[in-house]
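Take a look at the structure set out below.
The values are calculated or read from the model by the stated rules, or taken from the named source; none is laboratory data. As the structure is a prediction and not an experimental result, all values here were calculated from the model. Glycine gets a Cβ as well: all are built from the backbone with ideal geometry, and neighbour counts include every protein chain shown. Please note that ligands, DNA and RNA were not included when accessible areas were found on the heavy atoms of the full protein model with its side chains. Shrake-Rupley method; radii C 1.70, N 1.55, O 1.52, S 1.80 Å.
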Amino acid sequence: MRANIERTGKKRVVIVGGGLGGLELTFSLLGAGYQVVLVDKNNYHQFPPLIYQVASGGLEPSSISFPFRRLFQGNKDFFFRMAEAESVDTREKILRTSIGTIQYDYLVLAAGAKTNFFGNKHIESTTLPMKTVSQAMHLRNTILQNLEKAEVEDDPERKQALMNVVVVGGGASGVEIAGAIAEMKINIIARDYPDLDSSQMHIYLVNAGDRLLAGMDPRSSARAERDLKRLHVHVRQPQFATDYRDGVLETSAGLRIPAATVIWVSGICANHIGGVPAESLGHGGRLLTDRFCRVKGLEGVYAIGDQSLVEGDGEYPLGHPQLAQVAMQQAKTVADNLRRQLKGEAPKPFKYKNLGTMATIGRNHAVAEIAGRKFGGFLAWVLWLVVHLRSILGVKNKAFILLNWIWNYINYKQSLRLILKASGKEAAERSPSLTSPGKEGE
């Protein structure tokens with residue numbers, strides 16, 4: 001098997017990963033005088049900030065997923081290959097992939113990050129991550145299947161466990177999915193499942209830190225916690241999950257929560273690629289780079305986004321936050337410097353400009369920190385909608401999402417709560433059997 005990409009007289013830039021950073025870099029290099037090759041294990045780009053809405057049945061997967069070949073059709077100096085990147089050989093300037101080797105002049109690693117289970121293999125095998133569209137679809141199926149099972153379950157303890165949902169992780173993803181499921185409980189369960197007592201559905205948010213949204217101001221954290229509690233989400237902090245066995249989640253504070261659905265969004269770690277020396281790796285598996293995003297010890301190799309850790313920036317001694325804006329700004333810096341390279345000009349260092357952070361908690365509730373201002377409530381929620389809608393690719397998708405949001409806001413009667421199973425060999429169910437559910441205790 002070969003990649004089948006013909007060499008031309010132009011230098012070749014190979015980009016690994018079509019996330020927000022990789023996509024921004026690809027767009028920025030089109031027409032710049034390079035042959036651009038994008039490698040991704042999927043044939044589509046996914047928009048991470050809205051994955052939680054797919055998991056909660058608020059959006060369909062196609063609304064936040066975009067085929068690479070459709071995005072870049074008509075660009076003769078662009079090539080896409082669906083493959084897994086395996087290792088780098090800098091001496092031969094070769095990227096080894098699942099479809100063969102791909103030569104490069106410049107290699108940009110933008111493969112992002114994966115869910116961090118902190119070495120707990122048992123929790124990894126039994127809980128539900130929410131990092132990709134496919135994982136979000138599996139999570140949606142699990143939530144809906146458990147509600148269907150609860151409706152016909154006679155045993156009170158087992159019914160309660162089927163209705164309980166635990167979210168582990170107090171970052172933006174944890175806050176947003178907990179709020180979305182709480183909205184679902186309030187506005188949908190009683191209507192779609194009339195034989196269930198929706199008040200008996202309990203949503204827990206377990207956070208290892210002493211406050212939610214640790215990357216934001218304490219006032220924003222307090223507001224997010226207050227809004228979640230108004231949605232009847234049980235916030236349990238500071239305590240971390242220690243085990244999930246026989247359908248019972250256990251925490252460091254001795255809490256035992258029977259739950260058939262445990263969502264794990266408690267941190268991320270960089271995706272690994274072979275051929276990188278140990279001295280080029282930082283904490284969380286991130287690739288150490290200089291101020292120009294060039295990987296330490298690897299000539300001609302760059303890293304951007306969640307996979308990179310830029311050294312030498314006094315404002316961010318532990319590395320920049322693993323946020324979309326960082327990845328996109330790094331992509332623009334690398335693209336600009338590669339253009340400069342062709343002109344024989346000196347490169348410019350990466351300088352992160354913090355455009356602000358925000359998180360949504362539910363309908364009419366969000367927190368935002370922009371240009372030194374910290375605010376929440378309806379205004380922050382509308383701003384969150386506008387910012388994310390503008391970032392979605394494609395006019396049709398923007399229109400579909402906007403209409404879906406408006407319809408959901410009015411009556412919550414969207415028809416996206418479908419249990420869709422793949423044909424053929426099914427993936428193994430991650431949810432454990434509920435043989436002996438325990439009881440919550442503090």
Mean separation of Cα contacts under 8 Å (at least 6 apart) over the residue count of the chain, i.e. the relative contact order in percent, is 18
Output row, site Glu299, 7 Å Cα→C-beta label point, backbone N cut-off 18 Å, window segment 14-50, residues 14
Quick calc of log₁₀ I(q)/I(0), segment 291-347, Debye, one scatterer on every Cα, no solvent, q values 0.18, 0.29 1/Å, result -0.62, -1.26
Taking R0 as 25 Å and r as the Cβ-Cβ distance between Asn364 and Leu403, the FRET efficiency 1/(1 + (r/R0)^6), rounded to the nearest 0.05, comes to 0.85
Note on segment 170-287: contact order normalised by length, alpha-carbon pairs under 8 Å, 6 or more apart, percent, works out to 23
Given the candidates Thr261, Gly356, Gly319, the one whose Cα lies deepest towards the positive end of the charge dipole of segment 244-382, counting +1 at each Lys or Arg C-beta and -1 at each Asp or Glu C-beta, is Gly356
The extension gain from Glu315 to Asp210, computed as 0.36 nm times the residue separation minus the Cα-Cα distance, is 35.4 nm
To the nearest 10 degrees, the tilt of helix 378-391 (Cα long axis) against the first principal axis of the alpha carbons of the chain is 40
If unit charges are put on Cβ atoms (+1 for Lys and Arg, -1 for Asp and Glu) and the dipole of the chain is taken about its Cα centre, the option from Ile273, Leu71, Gly17 lying farthest towards the positive end turns out to be Leu71
In the neighbourhood of Gly312 defined by beta carbon distances under 13 Å, the net charge of the other residues (Lys, Arg +1; Asp, Glu -1) is 0
For the pair Asp336 and Glu124, the simple spin-label estimate (label points 7 Å beyond Cα toward Cβ) gives in nm 3.9
Note on segment 345-399: alpha-carbon gyration tensor, axes a ≥ b ≥ c; rule is a/c under 1.5 for rounded, else prolate if a/b larger than b/c, else oblate; result oblate
Residue span Arg245 to Lys41: 0.36 nm per residue of separation minus Cα-Cα distance leaves a gain in nm of 70.2 nm
Carbon/sulfur accessible area of the chain, % of total, 1.4 Å probe, equals 52
Rounded to whole Å², per residue accessible area for the chain with a 1.4 Å probe reads 46
CD proxy, 222 nm, the chain: helix-only mean residue ellipticity via -39,500 (n - 2.57) per DSSP H run with n ≥ 4, per residue, nearest 500, stands at -9000 deg cm²/dmol
Note: probe point = Cα of Lys348 + 7 Å toward Cβ; backbone nitrogen < 15 Å; residues of segment 9-35 passing the test are none
Averaging 1/r across every pair of distinct alpha carbons in segment 235-344 and inverting yields a Kirkwood hydrodynamic radius, in angstrom, of 16.7
If each part is reduced to its alpha-carbon centroid, segment 192-229 and segment 1-28 end up apart, in Å, by 41
Quick calc, Arg91 & Glu157: beta-carbon distance into FRET formula, R0 45 Å, rounding 0.05, result 0.15
Expected field for Met328, accessible surface area in Å² at 1.4 Å probe radius, rounded to 10, holds 50
Across Ala214, Ala270, Ala368, the residue with the highest GNM fluctuation in the chain (Cα network, 10 Å cutoff) is Ala214
Under a Gaussian network model of the chain whose springs join Cα atoms within less than 10 Å, the largest fluctuation of Ile304, Ile123, Ile51 belongs to Ile123
In Å, the C-alpha Rg and Dmax of segment 24-95 are 15.2, 48
For segment 2-132, one quarter of the surface area of the C-alpha convex hull, expressed in nm², comes to 9.6
Expressed in angstrom and rounded, the centroid-to-centroid distance over alpha carbons for segment 278-326 and segment 52-105 is 21
Interchain or sequence-distant (5+) residues whose placed amide H lies within less than 5 Å of the amide H of Ala113 are Asn271
Most packed first (mean Cβ within 10 Å per residue), the peptides 384-390, 262-268 order as 262-268, 384-390
For the chain, longest principal axis from Cα atoms; helix 324-343 axis from its Cα atoms; angle between them, nearest 10 degrees, is 10
Taking a label point 7 Å from the Cα of Asp290 along Cα-to-Cβ, the residues of segment 98-117 whose backbone nitrogen sits under 19 Å from it are 105-109
Mean separation of Cα contacts under 8 Å (at least 6 apart) over the residue count of segment 74-172, i.e. the relative contact order in percent, is 10
